[in-house]
């Protein structure tokens, strides 16, 4: 299979997808090819700064709170 055939298959399959989260994940993968290592480092450091600010401001969940939320989601999904 050549590159053009593979691209056409991928385009066709992507057009069938209705899951926004999945499409966003694919976009992230594609976007990562455009990002240079320097930009990646800057983005990573900016994300770390935001996370540190969130922690400092109390915007986080404890391990037990996360476990409780997971259990709630599982109960909701399993009905």
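Where a number appears in this text, it was derived from the coordinates with a stated rule and is not lab data. What you are looking at is a predicted structure, and each value in this text was computed from that prediction instead of being measured. Reconstructed Cβ throughout: ideal geometry from the backbone, glycine too, with neighbour counts over all protein chains shown.
A few comments on the model shown:
- Degrees between helix 20-32 axis and first principal axis of the chain (Cα, 0 to 90, nearest 10): 70
- With helices as the sole contributors, the chain gives -26000 deg cm²/dmol at 222 nm; each DSSP H run of n ≥ 4 counts as -39500 (n - 2.57), and the sum is divided by every residue.
- Cut-off 19 Å, label 7 Å out along Cα→Cβ of residue 39, residues of the range 14-29 by amide N: 24-29
- Here the extension length gained between residue 46 and residue 5 equals 10.8 nm, from 0.36 nm per residue of separation less the Cα-Cα distance.
- Annotation: Cα Rg of the chain relative to the compact-globule expectation 2.2 N^0.38 Å equals 1.66.
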